[in-house]
Amino acid sequence: MICVVKQDQTGEITGWFTAVDMHDARRRAQAAFQPDLAAQFYRMEFTPTPGKHKLANGVTLLVD
């Protein structure tokens, strides 16, 4: 399970969604009109190891 959390500069959560795997996360990012986020996910071929992963633009992946 993947939880994608987007935060602003102050740390306030501005959006989030859950996904089953990276393919599902890419589709959800595209459906939410977030092409930059979907592009980051396309560069990640496989689901990362469990834990917290910081990405660009205030996005954090929480992987179970």
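All of the numbers you see were taken from the coordinates with simple rules; none came from a lab. Bear in mind that the values here come from a model prediction, so they are computed numbers and not experimental data. A quick note on method: Cβ atoms are made from the backbone with ideal geometry, for glycine too, and the neighbour counts reach across all protein chains shown.
Overview of values
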read-out	value
Tensor-based shape of the stretch 1-49 (alpha-carbon gyration tensor, a/c under 1.5 rounded, otherwise prolate or oblate)	prolate
Karplus 3J(HN,Hα) series, Hz, for the stretch 13-26 with 6.51 cos²θ - 1.76 cosθ + 1.60 (x for Gly, Pro)	6, 10, x, 6, 7, 10, 8, 7, 8, 5, 4, 5, 4, 4
Ranked by how many other beta carbons lie within 10 Å on average, peptides 20-28, 49-57 from highest	20-28, 49-57
